[in-house]
Amino acid sequence: MAEVYTRAPVRLEGKYGAMLVCWVLGNGCLFSWNSMLTIQDYYVALFPNYHPSRVLTLIYQPFALGTLAMLAYNEAKINTRKRNLFGYSLFFIATFIVLLLDLATSGKGWLGSFIGICVISGAFGVADAHVQGGMIGDLSFMLPEFLQSFLAGLAASGALTSSLRLITKAAFENSQDGLRKGAILFFAISTLFELLCVLLYAFVFPKLPIVKYYRAKAASEGSKTVASDLAAAGVYKQGPETKNEHDPQQVERLNNKELLLQNIDYAIDLFLIYALTLSIFPGFLSEDTGSHSLGSWYALVLITMYNVWDLIGRYIPLIKCLKLESRKGLMVVILLRSLFVPAFYFTAKYGDQGWMIMLTTLLGLSNGHLTVCVLTCAPKGTRAKCTRKSSSFVSFRRYICWCNSRLVVAYRQRLVKHPKF
């Protein structure tokens, strides 16, 4: 039976359950892609002449960026529920195809197999653009803790996949064709996890009381993308949907250009964070770190250290005194991260594995910390500007009403003095 949500949830019902689901959904957003990154040792052995650790990243990013740009341009017309379900379903299907492709080719490293892997990498980029953009936009309507949990889940996916890869590599290291067996088991686990995310988002998340409340609130404030989410939870808006032209919450809805101009520094921050991170991780760490005592484990250890400290960095903003909220401060710290480029270059050339592990730790820690700071501060700034703009509109409207009332009073006084007028 459908219900009407016009009140706040009692004691924020379902808050911690929603945070847990957000964390799992954040995992699912990058679990498949991190799985592909984490088994780079297998792909490097399978395709030694094609540089998979570099090529797969170069294919993934343009597909993700191009799809995200198209979705952002048409954001007000897109059904958020269908967008996110499509993304998680594509993750599930593409991960399953990776498994089938390896089984069908018997682990042979020929060109056609590599092209298939590249196509799947592009599919991961398309899925990521659908899910990550859709979920962050959806959760920005809700509590900051939900967004923080989702972002922490993104990093946790890297830590989990790295841990699983260490386990599978150790389990099959001494067996014949052990590298391939570990990769197959790894992608089987990834496929099941993506299926879990599809089911959680489709049937569990939209029915949580606190999620229903915030989505209904967003709809009442003019959001056009949450209708199907509310319908899936059995919630409908009370009364006919009539647009009140004097309601500042609806009149003052910012378009994409206004949002970008108001948050251009945040957009540049995110670009610089990931431009630098992806120039080092995973390609440089997988191929340009020399020969060390850890042997074939070295690249995997570096990737694991990055992912673990990226996860830790995303929880640091929960400590208020360590959270960067100054827009200028964020920009300065992000620009200082460019020092990682010469640091990694000289460490790879002259340093030992201990220094490289330390630098990788700092890279992951700064990436996670700064990502959460930017993405949790940006919605607050936008809401504050919208509130100030709406307040100005309200003040102007009140001034016009006051002028009209004074004119009416003056006219009536004149009628009293001059009845024939």
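Starting from the Kirkwood Rh over alpha-carbon pairs, what translational D in µm² s⁻¹ does the range 14-56 have by Stokes-Einstein at 10 °C and 1.306 mPa s?
Details: Rh = 12.2 Å.
Reported coefficient: 130 µm²/s.
Using only the C-alpha atoms of the range 84-229, find the volume of their convex hull and express it per residue in Å³. Don't skip to the answer; put the middle values down first.
Values: hull volume 16.0 nm³, N = 146.
Per-residue hull volume (Cα only) is 109 Å³.
Which loop-located chymotrypsin sites (Phe, Trp or Tyr not before Pro) does the range 90-166 contain, where loop means any DSSP state but H, G, I, E or B and the Cβ has at most 16 other Cβ atoms within 10 Å?
Values: sites: PHE91, PHE92, PHE96, TRP110, PHE114, PHE124, PHE141, PHE146, PHE150; in loops: TRP110, PHE141.
For chymotrypsin sites (Phe, Trp or Tyr not before Pro) across the range 90-166 that sit outside H, G, I, E and B with at most 16 neighbouring Cβ atoms in 10 Å, the list reads TRP110.
When ligands, DNA and RNA are left out and all protein chains stay put, how many square angstrom of accessible area per residue does the range 288-355 have with a 1.4 Å probe? Display every interim value, and only then the final one.
Details: 3950 Å² over 68 residues.
On a per-residue basis, 58 Å².
Rg(Cα) of the range 1-160 divided by 2.2 N^0.38 Å?
On the way: Rg = 18.2 Å, N = 160, 2.2 N^0.38 = 15.1 Å.
So the Cα radius of gyration is 1.20 times the expected 2.2 N^0.38 Å.
Please state, rounded to one decimal and in Å, the Kirkwood hydrodynamic radius that the range 29-75 gives when every pair of distinct Cα atoms enters the mean of 1/r. Present the calculation step by step, with values, prior to reporting the outcome.
Numbers: mean 1/r = 0.0831 Å⁻¹.
After inverting the pairwise mean of 1/r, the radius is 12.0 Å.
The values are calculated or read from the model by the stated rules, or taken from the named source; none is laboratory data. Remember, predicted model here, so these are calculated numbers, not experimental data. No Cβ is skipped: glycine too gets one built from the backbone with ideal geometry, and neighbour counts run over all protein chains shown. Keep in mind that these areas ignore ligands, DNA and RNA; they rest on the heavy atoms of the full protein, side chains included. Shrake-Rupley method; radii C 1.70, N 1.55, O 1.52, S 1.80 Å.
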